[in-house]
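Step one of this worksheet: look at the structure below.
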Amino acid sequence: MTREEHCSQIHEAIGAFDFGGECIAFENYGSGHINDTFLVNVQKDGTIKRFILQRMNREIFKNPAELMENIVGVTSYLRKIIIENGGNPERETLNVILTKDGASYFTDSHGECWRAYLFIEDAVSYDAVEKPEDFYESAVAFGHFQRLLADFPANTLHETIQGFHDTAARFEVFKRAVEDDVCHRADQAAEEIRFVLDHEHLAHALCDMLAQGSLPLRVTHNDTKLNNIMMDRETHRGLCVIDLDTVMPGLAVNDFGDSIRFGASTGAEDEKDLDKISCDMRLFELYTKGFIEGCGGSLTETEIRALPLGALTMTYECGMRFLTDYLQGDTYFKIHREGHNLDRARTQFKLVKDMEAKKDTMKAIVEKFM
Ligand code: ADP
Ligand code: GN1
Ligand code: MG
């Protein structure tokens, strides 16, 4: 697609939504790995209002209607509770902007699907922890999010990505990718492949606990990266949990673990210098405290004890997903350089090793909060 075609596709999408004014500018926005995000400026009566416009990833989200049904369901549910609690529903939850036809998303002439949200003003999302207190606040907010959804009718939620955190199933997909080696990249990743195979127990531990009934299924976020939460610029509180594409029944310990994987790492997810990568136990402790508080006493003792395992599992799983994508030719996660997914996989495995070495410390930390 040429630049002009690309621009005209975005204009077509902008024209479809009921923004209540005239679009005067748009730009690429954010650093998510999945959707294409744009910031749209709309002028009305001399003032500028901002919106988020997203092209949903059709390769990944096969059923946009079901996806948007989940998001509309969850955000309207949250909206009610926020209003009851005297909060601001325009900032504390995502607000879906309908199309001029009253639909929750728009399909353009190329078959691409788009949605729009109110832009959450005076808030910021971080790609790395800048202040430890912010990480603590994000933990409270992610825990609170789960608690708010405790009574949401889980049976109304569609599974937007099948087996999203079924680590055991992902292990099978990984093994197939190694066998098929469609891009002839397995040689370059021999050490990382060995690491995944040697740690197969991590693919099963939580799945087994779930199957045995020792961990409850809850409505969880499932993608609790630090940049999936908007922090209030002024109060520094976790304001709004965003990126709701994977809100589905899941494990609380996975929500905890995914946050640790990303936010408690001392380096970026794609850092090439592995000496810079470790799991910061001070951040681990802050997050643990905040998450348990945010969950408001709803976590069981078994869940709390399994929090370190959640961190290990999510980090292992994410590394395995990056490596699978590298082997399959980078078709899932957006990449910005050659070998990007392999670099990402390497940081995750370095983190797993570091967490294994710090297992007793993590255990002692969570026990403090029992
Ligand atoms: P992806 O699925 O690609 O990660 P996200 O929904 O997380 O997409 O959006 C990408 C980024 O855009 C977020 O990390 C955040 O910085 C920004 N963003 C998304 N929605 C909003 C919003 N409603 N208001 C302000 N910023 C937003
Ligand atoms: C993706 O959408 P984003 O960038 O917040 C991915 C997560 C991974 C993460 C790794 C739907 O999250 O599962 O943990 O990248 N989301 C999806 O950074 O696959
Ligand atoms: Mg995101």
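What follows draws every value from the coordinates through simple rules; no lab data is involved. Model, not experiment: these values are computed from the prediction. Backbone-built Cβ (ideal geometry, glycine too); neighbour counts: all protein chains shown.
Charges only on Cβ, +1 for Lys and Arg, -1 for Asp and Glu: so what's the dipole of segment 89-171 about the Cα centre, in debye to the nearest 20?
Values: 6 positive and 15 negative charges, 60 e Å.
Computed about the Cα centre, the dipole is about 280 debye.
Between their Cα atoms, which of Lys225/Lys363; Lys276/Lys358; Lys131/Lys289; Lys289/Lys363; Lys44/Lys100 are more than 18 Å away from each other? Please report the intermediate quantities before stating the final value.
Details: Lys225/Lys363 22 Å; Lys276/Lys358 16 Å; Lys131/Lys289 16 Å; Lys289/Lys363 13 Å; Lys44/Lys100 16 Å.
Check vs 18 Å cut-off fails for Lys225/Lys363.
For Ser214, Ser265, what ranking results if the residue with the fewest other Cβ atoms within 10 Å of its Cβ goes first?
Working: Ser214 13, Ser265 24.
Ordered from fewest to most neighbouring Cβ atoms within 10 Å, Ser214, Ser265 come out as Ser214, Ser265.
Mind running the shape call on the chain? Use the C-alpha gyration tensor, a ≥ b ≥ c as the square roots of the eigenvalues: rounded below 1.5 for a/c, prolate if a/b tops b/c, oblate otherwise. Provide the component values of the computation, followed by the final result.
Working: a/c = 1.72, a/b = 1.27, b/c = 1.35.
Oblate.
Which of Leu206, Met230, Val140 sits farthest toward the positive end of the charge dipole of the chain, with +1 on the Cβ of Lys and Arg and -1 on the Cβ of Asp and Glu?
After comparing all options, I get Val140.
Using packing as a proxy for protection, rank 240-246, 163-169, 83-89 so that the peptide with the highest average count of other Cβ atoms within 10 Å comes first.
Details: 240-246: 23.3, 163-169: 18.0, 83-89: 11.3.
Top to bottom by mean Cβ count within 10 Å: 240-246, 163-169, 83-89.
Quick check on the chain: helices-only [θ] at 222 nm, where DSSP H runs of length 4 and up contribute -39,500 (n - 2.57) each and the sum goes over total residues. Nearest 500, please.
Details: 13 runs with 172 residues, N = 370.
Calculated from helices alone, the mean residue ellipticity at 222 nm is -15000 deg cm²/dmol.
For the residues Met281, Met355, what sequence is obtained by ranking on other C-beta atoms within 10 Å, fewest first? Before the final figure, lay out each step's value.
Details: Met281 16, Met355 25.
Lowest count first: Met281, Met355.
Taking the Cα centre as origin and putting +1 on Lys and Arg beta-carbons and -1 on Asp and Glu beta-carbons, what dipole magnitude results for the chain, to the nearest 20 debye? Display every interim value, and only then the final one.
Details: 40 positive and 63 negative charges, 107 e Å.
Result for the chain is approximately 520 debye, rounded to the nearest 20.
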